[in-house]
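Shown next, in structure tokens, is the structure this report addresses.
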Amino acid sequence: MFQVKWLWQNLKGYRAVYITALCLSIFCNILYLTTPYFSSQIVDTYISNENAVENLKNDRNGFLTLIALMVGFTLLRTVFQYSCNMTYEISSQGLIYRLRTHLFKCVQNQDMDFYDKNRTGDLMTRLTGDLDMVRHAVSWVFKGMVESLTLFVASMAYFFYVDWRMALMLLAVTPFIFGINVVFKRVVGPVHVERREKLAKMNTDAQENISGNRVVKAFAREEYEKEKFARSNNDFSQANKNAALMRLKFSPFMDGLAEALSVIMLLGGGMFLINGSITMGEYVAISGLIWAIANPVRNLGIYVNDLQRFMASAMKVIEIYYSQPKIVDRSDAKDIDGRIKGDIEFKNVSFKYGRKTVLEDISFSVRAGETVAIMGETGSGKTTLINLIPRFYDVASGEVLVDGVNVKNLKLRQLRKNIGMATQDVLLYSDTIDGNIAYGDSSMSEEDVKRYAELAAADEFVSKMPDGYETIIGERGVGLSGGQKQRISLARALAIKPAVLILDDTTSAVDMETEMHIQNSLRNLDFDCTKLIIAQRISSTKDADKIIILDDGKIKEMGTHEELLAKKGYYYEVLMLQNEGFGKEAV
């Protein structure tokens with residue numbers, strides 16, 4: 001079983017502890033035989049024996065010794081059982097800590113394509129519920145299976161010791177038990193896979209609703225979202241019921257067979273007792289041990305059910321565990337010695353999302369320190385273009401060069417540390433404003449944080465907040481306006497003093513005066529920086545050294561502000577639209 005082998009590999013460091021736990025389980029359940037054995041000795045010697053009164057009078061010490069042994073072994077079993085449970089818990093918690101750490105690293109190192117294909121709610125389910133099911137299997141399911149098997153085998157061995165015919169009568173029922181469980185395993189497996197998918201869907205709906213609560217309220221869609229979640233919740237509830245009902249359908253058969261063992265014991269044991277094949281003490285012993293045969297039979301269905309749940313959850317965890325990013329450092333990747341210059345060149349670059357071509361035959365160059373503006377209609381490929389520079393995606397054909405070196409030949413971490421990005425979809429963390437701005441360098445001084453906030457025109461509104469830069473902002477910047485979030489994002493990008501600064505529509509939500517302040521700051525940075533700016537406002541692009549117009553993944557126009565105006569193409573039309581009513585002076 002692949003899942004079990006995978007678990008064993010990840011128990012490294014806790015294998016000895018887990019083996020100890022298994023051994024303690026076996027030992028504890030063998031100790032259950034001591035009480036029936038001593039009981040049989042007491043009954044045969046001091047109760048049912050024809051000389052019982054004399055034996056009790058003449059051998060009182062023997063009687064007390066048997067009682068003491070019963071109590072002593074019971075206490076010993078209790079101590080070992082406690083140690084056993086603690087050992088299982090220690091090893092399972094150690095395993096889950098290792099797995100959770102590894103899974104988070106795997107998720108952290110994945111490509112953008114991985115996040116495009118996997119839902120956040122599903123990933124959260126794998127890191128929480130699925131891992132908890134794995135822990136449950138390691139600490140309780142396997143434990144229960146080992147204990148039930150040990151108890152069954154040890155009890156059957158004792159029955160063979162008492163009377164082999166009695167043991168064979170009880171064993172005659174076992175083929176029916178295993179036959180039922182084979183059928184149960186086959187039908188319950190797919191049910192738990194479906195249950196797992198419904199849980200992931202419900203978690204995804206909840207996560208999206210919580211993240212987008214402002215949109216929900218803005219469109220007054222609370223009732224719609226409640227109904228949507230109710231459907232997901234109902235689907236998951238139904239899947240849970242199906243799994244539970246599936247087990248309950250088989251329970252009568254398992255319980256019936258368990259009770260059949262008791263009937264066999266009563267009939268067969270009674271017959272052997274009457275015939276004198278077994279003593280009264282032995283009959284008492286096997287009567288006291290019949291539960292050790294019946295309980296494992298009853299519990300077998302529960303363990304098979306939990307094992308199938310474990311299999312479904314483990315496969316989802318394993319998918320991430322062994323997933324490998326496609327964009328990684330090559331073995332011959334070059335080290336970047338310090339800071340890059342900032343030269344960028346696209347050579348016949350094409351890119352596809354699946355089968356859809358997003359960029360086609362893109363070629364242009366940017367010298368270090370230059371400012372390049374990128375414009376185009378929605379869906380023209382602007383964001384995809386800039387995502388190729390830090391290698392969030394790899395090109396389908398052509399080359400992206402930084403300082404004359406193909407980005408595929410550079411080490412990812414070194415390349416990305418030289419690039420500052422402020423994206424259109426601003427993500428701020430549940431932290432202080434200071435912590436968000438200094439995200440790229442946690443050791444940054446307060447003075448530097450404030451200086452970069454000033455460059456991004458953020459200092460004015462931050463200073464007015466009750467706690468200033470120590471103000472804690474909500475998840476994803478809740479409590480801030482769109483323009484305020486954009487300015488903090490810009491300050492965060494500037495704070496690492498990047499050699500290449502990429503701004504994706506970063507000033508779209510700010511007023512014209514603030515935009516002018518930001519543009520002036522970008523022109524007068526105290527460090528060398530190549531700037532690529534995606535913008536729709538002519539005011540943000542007109543001073544660029546080069547303006548690139550994308551249309552359906554291709555370069556439609558390229559040149560300076562004056563050159564593009566002279567062509568009277570897309571750029572000229574945008575300027576006319578944005579300055580409509582202001583006359584020729586706007587040009």
Review point. Is there a residue in the stretch 499-515 that is under 24 Å from Val358 (Cα atoms) and either touching an Asp or Glu at 6+ places or on another chain (Cβ under 7 Å) or open to solvent by 50 Å² or more (accessible area, probe 1.4 Å) (or both)?
Key: yes
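Just to verify a result, which residue in the stretch 506-538, among those that are more than 21 Å from Val574 (Cα to Cα) and assigned to a helix (DSSP H, G or I), is modelled with the lowest pLDDT?
Initially, the stretch 506-538 is screened for residues more than 21 Å from Val574 (Cα to Cα), giving 514, 517-518, 520-531.
When the remaining residues are screened for being assigned to a helix (DSSP H, G or I), the result is 514, 517-518, 520-523.
Values: Thr514: 82, His517: 85, Ile518: 85, Asn520: 86, Ser521: 87, Leu522: 86, Arg523: 86.
Restricting to residues being more than 21 Å from Val574 (Cα to Cα) and assigned to a helix (DSSP H, G or I), the top hit is Thr514.
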Point to revise | Enumeration of residues in the stretch 175-190 that are open to solvent by less than 20 Å² (accessible area, probe 1.4 Å) and either over 29 Å from the mean Cα position of the chain (by Cα) or hydrophobic (A, V, I, L, M, F, W, C) (or both) | key: Ile177, Asn181, Phe184, Val188
Practice item. Select the helices (runs of 4 or more DSSP H) contained entirely in the stretch 108-167, then report the ones holding at least 2 residues which are among the aliphatic types (A, V, I, L, M) and either surrounded by fewer than 21 Cβ atoms within 10 Å (Cβ to Cβ) or touching a residue at least 24 places away in the same chain (Cβ under 8 Å) (or both). Key: 120-125, 131-136, 142-162
Exercise for review: Would you mind finding the one in Ala294, Ala368 that is at pLDDT 90 or above and either touching an Asp or Glu at 6+ places or on another chain (Cβ under 9 Å) or open to solvent by 70 Å² or more (accessible area, probe 1.4 Å) (or both)?
Suggested key: Ala368
Exercise for review: With the condition kept exactly as written, say whether any residue in the stretch 270-280 is more than 30 Å from Leu7 (Cα to Cα), in contact (Cβ under 8 Å) with a residue 24 or more places away in the chain, in a helix (DSSP H, G or I) and aliphatic (A, V, I, L, M).
Suggested key: yes
Point to revise | Top-ranked residue of the stretch 323-358 - restricted to ones that are over 28 Å from Gly369 (Cα atoms) and open to solvent by 100 Å² or more (accessible area, probe 1.4 Å), ranked as modelled with the lowest pLDDT | key: Arg355
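Consider Leu248 carefully, then state whether it is among the aliphatic types (A, V, I, L, M), in contact with a helix residue (DSSP H, G or I) (Cβ under 9 Å, 6 or more places away or on another chain) and either at pLDDT below 80 or part of a helix (DSSP H, G or I) (or both).
Working: among the aliphatic types (A, V, I, L, M): yes; in contact with a helix residue (DSSP H, G or I) (Cβ under 9 Å, 6 or more places away or on another chain): no; either at pLDDT below 80 or part of a helix (DSSP H, G or I) (or both): yes.
No, not satisfied.
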Exercise for review: Hey, can you tell me all the residues within the stretch 546-587 that are among the acidic types (Asp, Glu), assigned to a loop (DSSP other than H, G, I, E, B) and modelled with pLDDT under 85?
Suggested key: Glu580
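The values are calculated or read from the model by the stated rules, or taken from the named source; none is laboratory data. Predicted model only: the values in this text are computed from it and were never measured. So basically every Cβ, Gly included, is an ideal-geometry build from the backbone, and we count neighbours across all protein chains shown. Accessible surface is based on the protein model in full, side chains and every heavy atom, while ligands, DNA and RNA are left aside. Shrake-Rupley method; radii C 1.70, N 1.55, O 1.52, S 1.80 Å.
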